[in-house]
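K.L.:
This structure is in structure tokens; I'll ask about it shortly.
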Amino acid sequence: MTKNDQFHELIQHGALADKVLFRPILMYFAAQFIGKTYGEFASDYKVLTEANLRCLDEFGLDMLGLISDPYRETSAFGAKIKYVPDGVPRCLNYVVQSLDDVRELKNPDVYKAERTLDRIKAGELLSKKTQGNIPIIGWIEGPLAEAADLAGVQNMMIQLMIDPDFVNRLLDKCLVTAKAFAKAQIDAGCEIIGMGDAVCSQIDADTYSTFVKDRHKELIEYIHGLGGKIKLHICGDTSHLLPCYQVFNLDILDLDWQVDMAYARSILGDQVILGGNINPVLVQDKTREEVLELCRNLVREHRNERYMLSAGCEITVLTPPENLKAMHEARMMGMI
């Protein structure tokens, strides 16, 4: 049974008999692991694919991913991006500062914009190298996260309170590009589309329901209509948003360390794969034995559910490789 077969078995029939799938989010860690900078990882699809494949072999991952940074679509919309060796790429300007800017904003062609095309090429290359045997997770920014990248987080938070016309117009344009970018990555061979919308954890449930929920639902239904699966990733404490997710028909939901797994399961039922919810700082700072025990206990607790072992968010660059190997070992040991 290939890793792709195992993923579909988990989706369709529930917990696997002999293992829990393992897919941590790896970005800066993966770049450094192969001796490359974060800037190289984020700007060159060949480096991103090499890093993913090397980590797959070294740490026994069950999926590959195209995640690198939040500014792929932002760059396509016209923002200037600066690559730095030892950090996330930086956005140097806000494309949207006024309602007029929103009105004039043009949706980009994701095949012509340099940074979106680079991610599409990564999907094509990984798909070619894996021949459909390993699930590949593409990545898009959710509409509110992308709006915040274009207009600034502080500005968007203010606009959510004072100018619904600004917000709705901008979110609609972000939704159009999210759909186009998701389709391009599915066409490139991605089995799953990850959607990151981290800023949603910073708003209340009413605001989320008013501006974001229906757009998330529309985007998820669109991805499902293309034959893809969806992985929703919202960093931080999303406990207050979980009831809103009940209408989404999610395939995978990442839970950060602040969210109680049992509570999420009680709200969302047994059909969704829950990933997480280990604090990445613990994976970084604990001893190998402590990480092994922590993950083994988590696997034992959730091995009969649709569950995927991962940290609540990205594995940090300072994480010792042996701690990541301990996570891999734990997903098998926890089945005993």
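The values are calculated or read from the model by the stated rules, or taken from the named source; none is laboratory data. A quick note: this is a predicted structure, and the numbers were derived from the prediction, not measured. Cβ coordinates were reconstructed from backbone atoms using ideal geometry, including for glycine residues, and neighbour counts include every protein chain displayed.
K.L.:
Being surrounded by fewer than 17 Cβ atoms within 10 Å (Cβ to Cβ) and without any contact (Cβ under 8 Å) to a residue 60 or more places away in the chain is the filter here; which residues of segment 153-178 pass it?
P.N.:
Passing the criteria: VAL153, GLN154, MET157, ILE158, MET161, ILE162, PRO164, ASN168, ASP172.
K.L.:
Pick from segment 259-276 the residues that are touching a residue at least 40 places away in the same chain (Cβ under 8 Å) and within 22 Å of GLU221 (Cβ to Cβ): which of them is surrounded by the most Cβ atoms within 10 Å (Cβ to Cβ)?
P.N.:
Among those residues, the one meeting the criterion is GLY275.
K.L.:
Which of the residues spanning segment 56-71 are in contact with a Pro (Cβ under 9 Å, 6 or more places away or on another chain) and either without any contact (Cβ under 8 Å) to a residue 24 or more places away in the chain or among the hydrophobic types (A, V, I, L, M, F, W, C) (or both)?
P.N.:
Answer for segment 56-71, where residues must be in contact with a Pro (Cβ under 9 Å, 6 or more places away or on another chain) and either without any contact (Cβ under 8 Å) to a residue 24 or more places away in the chain or among the hydrophobic types (A, V, I, L, M, F, W, C) (or both): PHE59, LEU61, MET63, LEU64.
K.L.:
Sticking with this one: Can you name every one of the helices (runs of 4 or more DSSP H) wholly within segment 133-222 that holds 2 or more residues which are of a type in the set (A, V, I, L, M)?
P.N.:
143-151, 153-162, 164-187
K.L.:
Criterion first (of a type outside the set (A, V, I, L, M, F, W, C) and under 19 Å from the mean Cα position of the chain (by Cα)) does LYS179 satisfy it?
P.N.:
Yes, satisfied.
K.L.:
Just to be sure I understand, how many residues within segment 308-327 are in contact with a Leu (Cβ under 8 Å, 6 or more places away or on another chain) and surrounded by fewer than 23 Cβ atoms within 10 Å (Cβ to Cβ)?
P.N.:
Residues meeting the conditions: 1.
K.L.:
Shifting gears a bit: Cβ-Cβ distance below 8 Å, separation of 6 or more or different chains: which pairs start in segment 244-258 with a residue that is on the phi > 0 side of the Ramachandran plot and end on one that is of a type outside the set (Asp, Glu)?
P.N.:
ASN249/ILE220; ASN249/HIS224
K.L.:
Looking only at residues that are touching a residue at least 60 places away in the same chain (Cβ under 8 Å) and part of a loop (DSSP other than H, G, I, E, B) in segment 19-51, which one is farthest from GLU301 (Cα to Cα)?
P.N.:
Per the stated criteria, the residue is ASP44.
K.L.:
Every residue in segment 1-10 that is among the hydrophobic types (A, V, I, L, M, F, W, C) and buried (at least 17 other Cβ atoms within 10 Å of the Cβ), please.
P.N.:
Correct list: PHE7, LEU10.
K.L.:
Name the residue, out of ALA31, ALA51, that is at pLDDT 95 or above, of a type in the set (Gly, Ala, Ser) and in contact with a Ser or Thr (Cβ under 8 Å, 6 or more places away or on another chain). Let's see the steps before the verdict.
P.N.:
Values: ALA51 fails: in contact with a Ser or Thr (Cβ under 8 Å, 6 or more places away or on another chain).
Unique residue meeting the criteria: ALA31.
K.L.:
Here's something else I'd like to know. Say whether the condition of being within 23 Å of LYS183 (Cα to Cα), of a type outside the set (Gly, Ala, Ser) and outside any loop (DSSP other than H, G, I, E, B) is met by at least one residue in segment 74-93.
P.N.:
yes
K.L.:
Continuing with this model, one more query. Tell me, please, whether a residue that is touching a strand residue (DSSP E or B) at 6+ places or on another chain (Cβ under 9 Å), buried (at least 19 other Cβ atoms within 10 Å of the Cβ) and not in a helix (DSSP H, G or I) can be found in segment 277-298.
P.N.:
For segment 277-298, residues touching a strand residue (DSSP E or B) at 6+ places or on another chain (Cβ under 9 Å), buried (at least 19 other Cβ atoms within 10 Å of the Cβ) and not in a helix (DSSP H, G or I): present.
K.L.:
Do we find a residue being closer than 11 Å to GLY87 by Cα and in a loop (DSSP other than H, G, I, E, B) anywhere in segment 9-18? Steps first, answer last, please.
P.N.:
If we filter segment 9-18 for residues that are closer than 11 Å to GLY87 by Cα, which is where we start, we get none.
Scanning segment 9-18, I find no residue that is closer than 11 Å to GLY87 by Cα and in a loop (DSSP other than H, G, I, E, B), so the answer is no.
K.L.:
Further, regarding this structure: Mind listing just one residue for me: the one in segment 78-112 that is within 21 Å of the chain's Cα centre (by Cα) and within 28 Å of VAL167 (Cβ to Cβ) and, of those, surrounded by the most Cβ atoms within 10 Å (Cβ to Cβ)?
P.N.:
VAL110
K.L.:
Another question, then. Could you grab the pairs with beta carbons closer than 9 Å, sequence gap of 6+ or different chains, first residue in segment 181-199 and within 27 Å of ASP237 (Cβ to Cβ) and at pLDDT 95 or above, second one in a strand (DSSP E or B) and of a type in the set (Lys, Arg)?
P.N.:
ILE192/LYS229; ILE192/LYS231; ILE193/LYS229; ILE193/LYS231; GLY194/LYS231; MET195/LYS231
K.L.:
With the condition kept exactly as written, say whether any residue in segment 264-280 is closer than 24 Å to GLU329 by Cα, at pLDDT 95 or above and among the polar types (S, T, N, Q).
P.N.:
Checked segment 264-280: at least one residue is closer than 24 Å to GLU329 by Cα, at pLDDT 95 or above and among the polar types (S, T, N, Q).
K.L.:
Going through PHE59, PHE33 one at a time, which residue ends up being under 17 Å from SER310 (Cα atoms) and among the aromatic types (Phe, Trp, Tyr)?
P.N.:
Of PHE59, PHE33, the one residue that is under 17 Å from SER310 (Cα atoms) and among the aromatic types (Phe, Trp, Tyr) is PHE59.
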